[in-house]
Structures are given as structure tokens and as C-alpha cells.
Amino acid sequence: MGKYRVLRDRLAVEIPEIQTNVAEPATDGELALVHAPHYIQAVAQGTLGDKAQREIGFPWSPEMVARSRRSTGATIMAARTALFGREGIAANLAGGTHHAYADKGSGFCVFNDAAVATRLMQSEWSRQHRQPLKVAIIDLDVHQGNGTAHIFGKDDSVFTLSIHGARNFPFAKETSDLDLELPDGCDDSAYLQALEKALETLENRFEPGLVIYLAGADPHEGDRLGRLKLSFDGLEARDRRVFDWAYQKAVPMAFAMAGGYGENIADTVQVQMNTYRVAYAYWQRWQNRSL
């Protein structure tokens with residue numbers, strides 16, 4: 001958890017123009033747009049069974065519940081700011097809990113923040129504009145977004161794209177709208193080629209009104225769990241391509257940090273700082289375009 005504090009502190013010093021706000025925790029009603037009510041209550045009350053708690057990966061505590069609610073609330077806030085606040089781009093300093101299913105948590109993920117934010121933005125957009133909102137979830141964490149893929153498996157209004165390590169967790173994959181599996185040791189060039197192919201496929205098959213981007217730091221070559229070999233420059237190029245794709249189409253984007261488990265925590269935070277520098281540059285473009 002220390003990486004989030006380090007990231008926040010570095011942002012305050014190095015990119016002080018970025019405005020930070022404390023998000024409200026997600027309510028039961030917001031969570032219930034995706035998650036089963038019995039699961040929400042079991043998490044809140046600490047009555048999950050031992051097996052379910054082990055699958056999440058850490059023990060229950062009131063602090064765990066509060067953090068999970070607030071992390072989901074932060075992605076909701078980012079999505080709302082990007083979509084309705086004319087900012088174009090907004091972020092959650094944490095988030096990306098893509099292993100959580102509707103009725104269970106998994107892989108250190110309790111609630112699926114991207115899924116909840118997607119459902120809530122669709123509801124709010126429909127009420128305001130009397131038309132549906134299509135959402136693309138671009139998941140570039142090194143692990144497949146299995147919970148997200150399962151939640152939206154039969155939903156044509158959401159496009160789930162996941163580029164991930166073939167031999168990494170989860171070992172039993174779900175089916176996203178587009179999955180690209182990469183071999184161990186995949187380098188910058190091969191990764192960026194895969195990303196280009198994925199964005200081309202997304203563009204040909206789907207027209208989103210909102211993008212939620214999981215900008216995982218764990219494809220980095222120094223990550224303990226990643227198994228890929230992307231450099232700092234390669235990951236920055238990845239981010240630039242995703243932000244540019246959305247900007248060129250004038251599609252608002254909310255992004256979350258997702259995974260990052262560097263042997264050296266400073267490496268993970270550096271990847272994330274680079275993501276924010278790219279995001280800030282594209283945010284400035286959004287502001288100039290709206291003048």
C-alpha cells in the first residue's frame with residue numbers, strides 16, 4: 001500500500017498542477033449495480049467464509065472494507081469528472097481491482113471499481129441524455145481482467161479489452177471481448193505491436209463514449225510478478241498510444257493505476273509517474289480544444 005502514498009507525494013511535488021480530491025466511498029446501492037447484495041453485506045459485516053476470504057488474499061478488517069469502498073468511489077469520481085465535468089481525463093490514484101466478480105472477490109480485489117463506475121456512468125448518462133452510453137475498458141495490467149470479463153460477458157454496451165501475460169494469474173482465464181496473451185519475456189516492440197493491433201480491432205468493432213483505462217505498472221521488467229520485460233520507455237509509449245487514441249476520438253477517459261509489484265517500489269512509482277505525465281499533457285490538450 002505504500003506505493004500509493006509515495007505516488008501521491010511525488011505528484012504533489014513534481015506535477016503540482018494536478019488537482020487531488022478525496023473521493024466518497026461507494027455506497028451499497030452503487031456497489032449493487034454490479035455486486036450481489038449478499039456479497040456486499042458479507043464484506044461489510046465480515047461474514048465471508050474462510051475460503052472466500054483466502055481467495056481475496058488478505059484478512060478482513062473494517063479498514064479493508066473502507067479502503068475497498070473508497071477505491072471504488074475514486075474510480076466513480078474519476079469517470080464522472082472525465083465524462084460530465086468537461087475535463088476529458090481524470091484518474092484514481094489506486095483502483096483497477098479487476099479480479100473481483102459480481103459475487104466474490106479474488107486476487108487482492110474486493111469490489112470491481114471499473115465495473116461499478118461503468119454501470120453508474122451508464123445510468124447517469126441515460127438519465128441526462130436519454131440515450132445509452134457505450135464504455136470500453138482497456139485493461140493493460142499484466143494480469144487478465146477476469147472479473148471484469150465475466151461481469152460484462154453478455155453485454156454489448158461494454159467492450160472489454162485485456163492484454164496480459166499468457167502464463168500469469170489468473171491461470172483459468174475468462175473470455176473478454178478481446179484478449180491478447182503475451183509470452184514471458186515480451187519486450188517493448190512486441191508489446192506495442194500487440195497494443196496497436198488491439199486498438200485497431202477495438203476501433204473496428206466498437207464506438208465508446210467513455211474509456212476506462214487500467215494502466216498497470218506490472219508489465220515492467222523489474223516487477224516481481226509481471227514476467228514481461230517492458231522498459232520505462234516502453235510503458236510510457238504504451239500510455240501515450242492509449243491516451244492519444246482516446247484523444248483523437250474525443251472520448252473522455254478515466255484511468256486507474258491497477259497492479260505494480262516492483263522489486264524496488266521506486267520503479268513501480270516511476271512507471272506510474274510517467275503515466276501521469278502523459279495524462280497531464282493530454283489533459284492540457286483537452287482544455288485547449290475546449291476553449
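The values are calculated or read from the model by the stated rules, or taken from the named source; none is laboratory data. In this text, all values refer to a predicted model and were calculated from it rather than measured experimentally. Every residue, glycine among them, receives a Cβ derived from its backbone with ideal geometry; neighbour counts consider all protein chains shown.
Checked against (1) over 27 Å from GLY73 (Cβ atoms); (2) at pLDDT 95 or above; (3) out of contact with any Ser or Thr (no Cβ under 6 Å at 6 or more places or on another chain); (4) not acidic (Asp, Glu), LEU178 passes all but condition (3). Taken together, the residues in the stretch 1-40 that are within 30 Å of ALA266 (Cβ to Cβ) and among the acidic types (Asp, Glu) amount to 3. Considered as a group, the residues in the stretch 119-143 that are hydrophobic (A, V, I, L, M, F, W, C) and under 30 Å from ARG167 (Cβ atoms) include one that is surrounded by the most Cβ atoms within 10 Å (Cβ to Cβ), and that residue is VAL135. Just so you know, in the stretch 263-276 the residues that are more than 17 Å from the chain's Cα centre (by Cα) and in a helix (DSSP H, G or I) include one that is farthest from ALA237 (Cα to Cα), and it is ILE265.
In this entry, ALA166 passes the filter for residues that are modelled with pLDDT of 95 or more, of a type in the set (Gly, Ala, Ser) and within 17 Å of GLY226 (Cα to Cα). All of ASP223, ASP184, ASP188 fail the test of being in contact (Cβ under 8 Å) with a residue 40 or more places away in the chain, of a type in the set (D, E, K, R), surrounded by fewer than 19 Cβ atoms within 10 Å (Cβ to Cβ) and farther than 29 Å from PHE84 by Cβ, apart from ASP184. Hey, can you tell me all the residues within the stretch 9-43 that are surrounded by fewer than 17 Cβ atoms within 10 Å (Cβ to Cβ) and not in a loop (DSSP other than H, G, I, E, B)? Answer for the stretch 9-43, where residues must be surrounded by fewer than 17 Cβ atoms within 10 Å (Cβ to Cβ) and not in a loop (DSSP other than H, G, I, E, B): ASP9, ARG10, ALA12, VAL13, GLU14, ASP28, GLY29, PRO37, HIS38, GLN41. Take the conditions (1) outside any loop (DSSP other than H, G, I, E, B); (2) surrounded by 12 or more Cβ atoms within 10 Å (Cβ to Cβ); LEU48 misses just one of them, which is (1).
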